[in-house]
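Novice: Would you mind keeping the following structure in view while I ask a few things?
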Amino acid sequence: ENGYELWLRYKPVNKGNLCESYCLKSRKIMFPGETESLIAAKKELQVGLSGLLNMPYTEAETLEDNMLVVGTPQSVSLFKKQDFYAEINGLSDEGYLILDCTIEGKKAIAIAARTDVGVLYGVFHYLRLIQTNQSLDKLYIQENPKLKYRVLNHWDNLNGTVERGYAGYSIWNWERLPSYKEQRYTDYARANASIGINGTVLNNVNAQAKSLRTDWLVKASGLADVFRPYGIKVYLTAKFSAPKEIGGLNTADPKDPQVRKWWKEKVKEIYSLIPDFGGFLVKANSEGQPGPQDYGCSHADGANMLAEALEPYGGIVFWRAFVYQNERHVDRVINGYNEFKPQDGKFAKNVFVQPKNGPIDFQPREPFHPLFGGMPDTPLSLEFQITQENLGHAGHLVYLGTLFEETLQSDTYENGKGSTVSKVLQNYGESHGISAIAGVPNIGTDLNWTGHLFGQANWYAFGRLAWNPDTSSGEIAEDWARMTFSNDKSVISPVLKIMMISRETYVNYTMPLGLNHIMNYDTHNGPEPWHNDPVWTAFDYHKITRDSIGVNRTAKGTGATGQYHNPISEMFDDIRKCPQEYLLWFHRVPWNYKMASGRTLWDELIYHYYKGVDEVRQMQTIWNELDGKIDRERFNHVASLLKYQEQEAIWWRDGCLLFFQDYSRLPIPANLEQPKHSLKYYKTIPFPHDWKGRYE
Ligand code: BDP
């Protein structure tokens, strides 16, 4: 197996009894309907059931016992006469019911929804029950997504490369679009629909204006046509200077009526080509991208101009809050909050402000972004990174479900205890009628889509959490493992063990105790805490000296702790109460500081770095238990990447500790495996990836 089929492998259920009972319940299927979404759902059910149950998929038009009845009250008018009709009507636009019932005296399972796409989601859920060997007895499942916009943000460039993509090139073959539609696009849509993703931004936030030119829009419309049956809307990034670059105007000033008119006409044109276009994602006044501040206007002024153009068509603006230029000299961490908090409530009603999960930049661990809980009057969309820019690229096995969950379950205390980030996002649904979450995917042209087979779990986990941000990452990992490998306990349990420790393991061997942004300047892989040049210095992030390490972000330092509500603010501010995993994020700490473990800070750092490497070795041992229990191709793929990960973990551990030791002048205990090379070696070895070169 090469991994192409993702979690939709539909291999035969191999437990005899179970399979028999599944076969009995899906003996015949009543699934009328001619719309493109119902046809897509039916195709999936057909492929899924015939694969899983190893029997022909048989349709019937009249009721008999043990049938599967699938549809909406429009497609299956029988539903209108059932007592669960009211429940169908109570579902949201994308919700569904799966229930054991009796229809006109015949025993049946109904997969019912108000809308066609709800039916599609219900079908995927039903298949998942079988894929994960759940019982189909007494089924009563009612599902509505907890967030309305569940969107992938591709960082794909128009030339086919992917910014921070580690699984090959972009899957969009722009040259041949719109006429040639690869099978991969449909499979991409199926995978996304199976986890409830309902939108995709096709191109990079570091945008090119030409993506909004008519010829490119026509190409994008080809993808929209493939995705539509699967409930997925297409969005584009909008470069703020587009009116100048492709519109022939001499300004992009949002105050200029000509500029506003240009955007309105552009949007009108987009909707003529893509009638269900989702809207724009914008990176403005950030890392060199143009924006409204270039014209003395605010983020809200810029976002609202685009929102006004999109509003008549139901389109949305996602305006990113990833900005750090203006207060970089003080502390990058406080910049996003300081720029956006004063504008709370100033955005049009179809605008989301979109911060990343943490206030720096997709580090292996960050405290949640203080804008969550700080913007009651502006709906926020949360941006996660699924691609592992700072987590070992596609070479390291790091299950991100636990990272996502950690952020989502962080309590902001916005309205007292229990105001988790997840609740903050969901509450916008009630207060503003819209809610959203975004993920920067790890998808590319590699046969297995994500480079590392386990990267698929991160795509999967993002979708499941977007649908319900309160799902446990462990439960999601288990579903994924069952669908990806097997329902056999002796397979699931080692796979889960590895997945559930993997993120902490990564933190341990790279940036434990709240350290951050000490990775290689160009590639963002491998250690470079020594990077120090006039443009960028890692010393801003660790502030290492002979005596101490860490950044003072307390009230007496840069004040970042004051951006959180109490009691979080006080907790982060007080070195004795600050959770150890954020210690060096918020505090500057002497090397001999006594940690809760009784170890000094120096010894605690050593402990974590060594633990990280040991855990990668444990992961290899655990993986080896699967030898012979899963197919050779995927076994070898993961086994050899784990070896690579071990080398990289050692590189991180030794590079960082030798560098820190230059300042602390404290020993690495003799009983531990000693670094094989000098610090000089780590500073000068050529980095394996030439990130910039990839894109030239
Ligand atoms: C940084 C990435 C950069 C992105 C930027 C962003 O290194 O490639 O363009 O974030 O999110 O993490 O805009």
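The values are calculated or read from the model by the stated rules, or taken from the named source; none is laboratory data. Because the structure is a prediction, the values reported are computed rather than measured. Please note: Cβ atoms are built from the backbone with ideal geometry, for glycine as well, and neighbour counts cover all protein chains shown. To get the accessible areas, we keep the full protein, side chains included, count just its heavy atoms, and leave off ligands, DNA and RNA. Shrake-Rupley method; radii C 1.70, N 1.55, O 1.52, S 1.80 Å.
Novice: Does Glu339 count as of a type outside the set (Phe, Trp, Tyr), open to solvent by less than 20 Å² (accessible area, probe 1.4 Å) and more than 26 Å from Tyr169 (Cα to Cα)? If you could, list the steps in order and put the result at the bottom.
Specialist: Values: of a type outside the set (Phe, Trp, Tyr): yes; open to solvent by less than 20 Å² (accessible area, probe 1.4 Å): no; more than 26 Å from Tyr169 (Cα to Cα): yes.
Spelling it out, it is not the case that Glu339 is of a type outside the set (Phe, Trp, Tyr), open to solvent by less than 20 Å² (accessible area, probe 1.4 Å) and more than 26 Å from Tyr169 (Cα to Cα).
Novice: Moving on to the next point. Considering the range 208-227 alone, what residues qualify as being open to solvent by less than 10 Å² (accessible area, probe 1.4 Å) and within 16 Å of the ligand (Cβ to nearest atom)? Please lay out each step first, then the result.
Specialist: If we filter the range 208-227 for residues that are open to solvent by less than 10 Å² (accessible area, probe 1.4 Å), which is where we start, we get 209, 211-212, 217, 220, 222-224, 227.
Result: Ser211, single match.
Novice: Something else now. Which condition number in (1) in contact with a Phe, Trp or Tyr (Cβ under 8 Å, 6 or more places away or on another chain); (2) among the hydrophobic types (A, V, I, L, M, F, W, C); (3) on the phi > 0 side of the Ramachandran plot is the one that Leu513 fails?
Specialist: (1)
Novice: Do we have Glu287 as open to solvent by 10 Å² or more (accessible area, probe 1.4 Å), under 17 Å from Phe340 (Cα atoms) and touching a residue at least 12 places away in the same chain (Cβ under 8 Å) here? Walk me through how you get there before you give the answer.
Specialist: Numbers: open to solvent by 10 Å² or more (accessible area, probe 1.4 Å): yes; under 17 Å from Phe340 (Cα atoms): yes; touching a residue at least 12 places away in the same chain (Cβ under 8 Å): yes.
Yes: the conditions hold for Glu287.
Novice: Just one of (1) within 24 Å of Trp262 (Cα to Cα); (2) touching a residue at least 40 places away in the same chain (Cβ under 8 Å); (3) away from the ligand (no atom under 16 Å from the Cβ) trips up Val205, so point out which.
Specialist: (3)
Novice: Moving on to the next point. From Asn153, Asn159, which residue is within 16 Å of the ligand (Cβ to nearest atom), at pLDDT 95 or above and open to solvent by 10 Å² or more (accessible area, probe 1.4 Å)? Can you show your working first?
Specialist: Values: Asn153 fails: open to solvent by 10 Å² or more (accessible area, probe 1.4 Å).
That would be Asn159, the only listed residue that is within 16 Å of the ligand (Cβ to nearest atom), at pLDDT 95 or above and open to solvent by 10 Å² or more (accessible area, probe 1.4 Å).
Novice: From the list Glu311, Glu366, which one is within 16 Å of the ligand (Cβ to nearest atom) and either open to solvent by 30 Å² or more (accessible area, probe 1.4 Å) or farther than 22 Å from Lys148 by Cβ (or both)?
Specialist: Working: Glu311 fails: within 16 Å of the ligand (Cβ to nearest atom).
On inspection, the qualifying residue turns out to be Glu366.
Novice: Which one of the conditions (1) part of a loop (DSSP other than H, G, I, E, B); (2) open to solvent by less than 10 Å² (accessible area, probe 1.4 Å); (3) within 19 Å of Asp344 (Cα to Cα) does Trp319 fail to meet, given that it meets all the rest?
Specialist: All conditions are met except number (1).
Novice: Would you be able to say whether some residue in the range 130-137 is within 16 Å of the ligand (Cβ to nearest atom), among the acidic types (Asp, Glu) and open to solvent by 10 Å² or more (accessible area, probe 1.4 Å)? Please lay out each step first, then the result.
Specialist: Filtering the range 130-137 down to residues within 16 Å of the ligand (Cβ to nearest atom) leaves none.
Checked the range 130-137: no residue is within 16 Å of the ligand (Cβ to nearest atom), among the acidic types (Asp, Glu) and open to solvent by 10 Å² or more (accessible area, probe 1.4 Å).
Novice: Of all helices (runs of 4 or more DSSP H) completely enclosed by the range 498-604, which ones contain at least 2 residues that are closer than 25 Å to Leu391 by Cα?
Specialist: Here the list reads 539-542, 583-586.
Novice: On to the next question. Could you count how many residues in the range 76-93 are open to solvent by less than 30 Å² (accessible area, probe 1.4 Å) and in a loop (DSSP other than H, G, I, E, B)?
Specialist: 4
Novice: Filter the range 323-334 down to residues that are surrounded by fewer than 20 Cβ atoms within 10 Å (Cβ to Cβ) and within 15 Å of the ligand (Cβ to nearest atom) and give me whichever is nearest to the chain's Cα centre (by Cα).
Specialist: If we take residues in the range 323-334 being surrounded by fewer than 20 Cβ atoms within 10 Å (Cβ to Cβ) and within 15 Å of the ligand (Cβ to nearest atom), then Tyr324 is nearest to the chain's Cα centre (by Cα).
Novice: Now a separate question. Do you know which of the residues in the range 179-206 that are touching a helix residue (DSSP H, G or I) at 6+ places or on another chain (Cβ under 8 Å) and more than 28 Å from Gly118 (Cβ to Cβ) is surrounded by the most Cβ atoms within 10 Å (Cβ to Cβ)?
Specialist: Among residues in the range 179-206 that are touching a helix residue (DSSP H, G or I) at 6+ places or on another chain (Cβ under 8 Å) and more than 28 Å from Gly118 (Cβ to Cβ), the one surrounded by the most Cβ atoms within 10 Å (Cβ to Cβ) is Asn203.
Novice: May I ask you to say which residue of Tyr166, Tyr185 is over 23 Å from Trp319 (Cα atoms), in contact (Cβ under 8 Å) with a residue 40 or more places away in the chain and within 16 Å of the ligand (Cβ to nearest atom)? Step through it out loud before you land on a result.
Specialist: Details: Tyr185 fails: within 16 Å of the ligand (Cβ to nearest atom).
Of the residues listed, the single one that is over 23 Å from Trp319 (Cα atoms), in contact (Cβ under 8 Å) with a residue 40 or more places away in the chain and within 16 Å of the ligand (Cβ to nearest atom) is Tyr166.
Novice: Within the range 657-672, is there a residue that is touching a residue at least 12 places away in the same chain (Cβ under 8 Å), within 21 Å of Thr523 (Cβ to Cβ), open to solvent by 20 Å² or more (accessible area, probe 1.4 Å) and out of contact with any Lys or Arg (no Cβ under 8 Å at 6 or more places or on another chain)?
Specialist: yes
Novice: Still on this structure: Scan the range 12-38 and report the pairs whose first residue is within 18 Å of Thr62 (Cα to Cα) and open to solvent by less than 20 Å² (accessible area, probe 1.4 Å) and whose second residue is assigned to a loop (DSSP other than H, G, I, E, B) and aromatic (Phe, Trp, Tyr), with Cβ atoms within less than 9 Å and a gap of 6+ or a chain change.
Specialist: Going by the 9 Å Cβ cut-off, the qualifying pairs are Ser26/Tyr57; Ile29/Tyr57.
Listed here are the residues, each with its yes/no results for (1) touching a residue at least 60 places away in the same chain (Cβ under 8 Å); (2) within 16 Å of the ligand (Cβ to nearest atom); (3) farther than 25 Å from Tyr506 by Cβ; (4) surrounded by fewer than 24 Cβ atoms within 10 Å (Cβ to Cβ).
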residue: Val351; (1), (2), (3), (4): no, no, yes, no
residue: Leu371; (1), (2), (3), (4): no, yes, yes, no
residue: Leu382; (1), (2), (3), (4): no, yes, no, no
residue: Thr387; (1), (2), (3), (4): yes, yes, no, no
residue: Thr402; (1), (2), (3), (4): yes, no, no, yes
residue: Asn415; (1), (2), (3), (4): no, no, yes, yes
residue: Asn427; (1), (2), (3), (4): no, no, yes, yes
residue: Ala438; (1), (2), (3), (4): yes, yes, no, no
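Novice: Residues that are over 18 Å from the mean Cα position of the chain (by Cα), more than 16 Å from the ligand (Cβ to nearest atom) and not acidic (Asp, Glu): does the range 404-413 have at least one?
Specialist: Of the range 404-413, the ones over 18 Å from the mean Cα position of the chain (by Cα) are 411-413.
With more than 16 Å from the ligand (Cβ to nearest atom) added as a condition, the list becomes 411-413.
With the extra rule that they be not acidic (Asp, Glu), the set shrinks to 412-413.
Yes, some residue in the range 404-413 is over 18 Å from the mean Cα position of the chain (by Cα), more than 16 Å from the ligand (Cβ to nearest atom) and not acidic (Asp, Glu).
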